[in-house]
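**Q** Before we start, here is the structure in question, set down as structure tokens.
Every read-out reported here was derived from the displayed coordinates using simple, explicitly stated rules and does not represent laboratory data. The shown structure was predicted, so the numbers you read here are calculated from the model rather than taken from an experiment. Cβ: placed from backbone, ideal geometry, glycine included. Neighbour counts: every protein chain shown.
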Amino acid sequence: MSDKEIKKNKVFLETYGCQMNEYDSELVRAILKKENYEFIADEREADIVMLNTCAIREHAHRKIYGRVHQIRHDRMGKPVMIGLLGCMVTNLRQELLEDHSLKIDFIAGPDSYKRLPDLIREASSDGTKGYDVTLSEFETYSDIYPTREDRGNPSTRPSGSLRVNAWIAVMRGCNNFCTFCVVPYTRGRERSRDPQNIIDEVRRLASEGFKQVTLLGQNVNSYRYETHDFAYLMEEVSKVKGIERIRFTSPHPKDFPDRFLDVMANNSKICKQIHLPLQAGNNRVLEMMDRTYTQEEFLGLVEKMRSRIPGLVLSTDIIVGFPTETEEEFEDTLKVISQVQFDSAFTFKYSERKGTIASKKYPDDVTDAQKTERIMRLNELQKGITYKKNKAHIGQTHTILIEPAISDKPSHNSVGRTDGNKLVLLSQNGYRMGEMVKVKVTDATPHALKGHPLNLSFHPSSC
Ligand code: 5AD
Ligand code: SF4
């Protein structure tokens, strides 16, 4: 019997990359569950293994190739269909289908998930490879209610516990074409969902017990639906009863009108936290990246944000070793990092992506050794800042939202997050997920805060 002849309905789905991919996997679950596919946790039992891939850096690609070979090897000849989804397949379709050592059965790009049942059928019926990587100007999946995974561990969770955070994509795609970035090519043009449709979904989430929603988009603050902008959307979402906290990611610095900052400042449900990607601190590099702001403009924006939103927690993304970046230019990035004092930073070595503007215009001439040296210096600097920022919270009081514990052990203490998204490890356990607990910060590490509950009987329904 060949791979293609058996009935395949048990699916193992693995997700790589960003939160948008996590969300897309939830969409895929909903789409396939309707067609009687079953999702299972043990890949050895699966008829179909799907990998939802990421394309943002070369490293992500290599991981997928290795993973596919490992799956085939582990099955030791036992039949399994392998499907690839997500960003990597949009620009590598040909390569993936023609690489016979990989033996990929079907591939679906980020706008083709509704076609997955057909693609799997095509691939399993006549042996042709099912693929669809068409990018749409309209697809927002607004008619699909994602099957959100309960990431808590059922065996250790106290009964009656709640699910906590739900991702919800409010827009897809990106029109910015930062020269290093492959996303506009893998995910296509920007399109936003009808706000009413988003609010309906948030209401349903609240009725299911979710306490926090995180609005997602590749360029989330450029959300626009007819005359409605992102500030409007955030305000409307905040009116939904039962939702205690609203976050968003990832924004672009160019789309922060004053009105939006005022909405953030004055609305108690909108968390005072912004992920503000800087990418580089030098003006020549920023221009080559086509980020549309200068170092001075970025610093001005940070100042404005902080003056309007007291206690704001800021994080960022940095790329080191962009083509032709000199040592002095890299030092400008260090300077900005020192000046802004971000609470945390995600740092990356520049990775040339096929098809991007940078790959066509600029040679990837900063050596890997230089990139490594720069990222280590940057990380060292940021680590000190993060630790200092965390230590400044000692003695402060925060309300934290309890999350699934980090470990499955029943003895493991409860954990939660502050409004600013800082992880707090509690000195006690037994709190329910979704509970809001007032804590005093007693200690800090470079990665988290430690806290002691102030009011042991504190409960969301009694406050
Ligand atoms: N090389 C390295 N980092 C990249 N990012 C995006 N494209 C690249 C690339 N080609 C980083 C940016 C972005 C984050 C999600 O990934 O910092 O903000
Ligand atoms: Fe990529 Fe720039 Fe769009 Fe972000 S804003 S997804 S970095 S092109």
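**Q** Can you find, among Ala166, Gln94, Phe210, the residue sitting farthest towards the positive end of the charge dipole of the chain, where Lys and Arg contribute +1 and Asp and Glu -1 at Cβ?
**A** After comparing all options, I get Phe210.
**Q** In whole Hz and in residue order, list the ³J(HN,Hα) couplings for the stretch 422-430 that follow from phi through the Karplus curve 6.51 cos²θ - 1.76 cosθ + 1.60, θ = phi - 60°; x for Gly and Pro.
**A** Values, residue by residue: 7, 6, 10, 8, 7, 7, 10, 10, x Hz.
**Q** Put a dot 7 Å past each Cα toward the Cβ at Lys78 and Glu327; how far apart are the dots in nm?
**A** About 5.6 nm, to one decimal.
**Q** Determine the relative contact order of the stretch 213-294: mean sequence separation of Cα pairs under 8 Å and six or more apart, normalised by residue count, in whole percent.
**A** 30 percent
**Q** Quick one: grab the alpha carbon gyration tensor of the stretch 164-287, order the square roots of its eigenvalues as a ≥ b ≥ c, and give me rounded if a/c is under 1.5, else prolate or oblate depending on whether a/b is larger than b/c.
**A** prolate
**Q** Starting from the Cα-Cα distance between Arg284 and Thr367, subtract it from 0.36 nm times their residue separation and give me the gain in nm to one decimal.
**A** Net length gain for the segment: 28.0 nm.
**Q** I need the phi-derived Karplus couplings for the stretch 10-25: 6.51 cos²θ - 1.76 cosθ + 1.60, θ = phi - 60°, integer Hz, Gly and Pro marked x.
**A** Ordered by residue, 3J(HN,Hα) equals 9, 10, 10, 10, 10, 10, 10, x, 8, 5, 5, 5, 4, 5, 4, 5 Hz.
**Q** Assuming a ≥ b ≥ c are the square roots of the Cα gyration tensor eigenvalues, decide whether the stretch 3-132 counts as rounded (a/c under 1.5), prolate (otherwise, with a/b larger than b/c) or oblate.
**A** Rounded is the answer for the stretch 3-132, as its axis ratio a/c remains below 1.5.
**Q** Put +1 on the Cβ of each Lys and Arg and -1 on the Cβ of each Asp and Glu in the stretch 3-132; which of Ala108, Met81, Ala41 then has its Cα farthest toward the positive end of the dipole?
**A** Ala41
**Q** Continuing with this model, one more query. Rank by packing, highest mean first: peptides 208-221, 233-246, with packing defined as the count of other Cβ atoms within 10 Å averaged across residues.
**A** 208-221, 233-246
**Q** Another question, if that's okay. Kindly list the residues of the stretch 241-277 that lie in the label zone of Arg224, defined by a backbone N under 12 Å from the point 7 Å along the Cα-to-C-beta vector.
**A** Flagged as within label range: 255.
**Q** List, in the order given, every pair from Lys239/Lys383; Lys241/Lys272; Lys114/Lys239 whose Cα-Cα distance in the structure shown is over 27 Å.
**A** The pairs that break the limit, which is 27 Å between Cα atoms, are Lys239/Lys383; Lys114/Lys239.
**Q** Can you list the aspartates and glutamates whose alpha carbon is less than 18 Å from that of Lys10, not counting same-chain residues fewer than 8 positions off?
**A** Cross-link targets: Glu26, Glu35, Glu38, Asp42, Glu43, Glu45, Asp47, Asp74, Asp105, Asp118, Glu122, Glu149.
**Q** Something else about it: When the dipole is taken about the Cα centre of the chain, and only Lys, Arg (+1) and Asp, Glu (-1) are charged at their Cβ, what size is it in debye, to the nearest 20?
**A** 1320 debye
**Q** Moving on. Given the rule -39500 (n - 2.57) for each run of at least 4 DSSP H residues, summed and divided by the residues of the chain, what is its mean residue ellipticity at 222 nm, to the nearest 500 deg cm²/dmol?
**A** -10500 deg cm²/dmol
**Q** While we're here: Assuming a ≥ b ≥ c are the square roots of the Cα gyration tensor eigenvalues, decide whether the chain counts as rounded (a/c under 1.5), prolate (otherwise, with a/b larger than b/c) or oblate.
**A** Oblate is the answer for the chain, as a/c is 1.5 or above yet b/c matches or exceeds a/b.
**Q** Can you give me the long-range amide H partners of Asn282? Hydrogens built in the peptide plane at 1.01 Å from N, cutoff under 5 Å, separation of 5 or more residues or another chain.
**A** Thr333
**Q** Quick one: go through the stretch 414-447 and flag any residue whose amide nitrogen is under 16 Å from the point 7 Å out along the Cα-to-Cβ line of Asn379.
**A** Zone members listed by number: 446-447.
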